[in-house]
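Step one of this worksheet: look at the structure below.
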Amino acid sequence: MGKVGKEKNTKNKAKHSKQLARKKNKIKTDQQQHKARLKAIVQKANENEL
């Protein structure tokens, strides 16, 4: 026999998956920014070397 009333975990699961998606996106953008910063530093060092 099925439950009567509100669904148990759907709101928490939705919140959690949203939070994880935000965290993943933040990590991805941070990594991209870090990579770009390093690339700029290397490029500047190579220009000074020449």
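General observations
Rundown of residues vs (1) modelled with pLDDT under 95; (2) in contact with a Gly (Cβ under 6 Å, 6 or more places away or on another chain); (3) not polar (S, T, N, Q), yes/no style:
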position: Asn9; (1), (2), (3): yes, no, no
position: Ala14; (1), (2), (3): yes, no, yes
position: Asn25; (1), (2), (3): no, no, no
position: Thr29; (1), (2), (3): no, no, no
position: Val42; (1), (2), (3): no, no, yes
position: Glu49; (1), (2), (3): yes, no, yes
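- Residue match in segment 27-34 (condition: surrounded by fewer than 10 Cβ atoms within 10 Å (Cβ to Cβ) and not hydroxyl-bearing (Ser, Thr, Tyr)): no
The values are calculated or read from the model by the stated rules, or taken from the named source; none is laboratory data. Note that the coordinates shown come from a computational prediction; the quantities given were computed from them, not determined experimentally. Cβ sites come from the backbone with ideal geometry, for glycine too, and all protein chains shown count toward neighbours.
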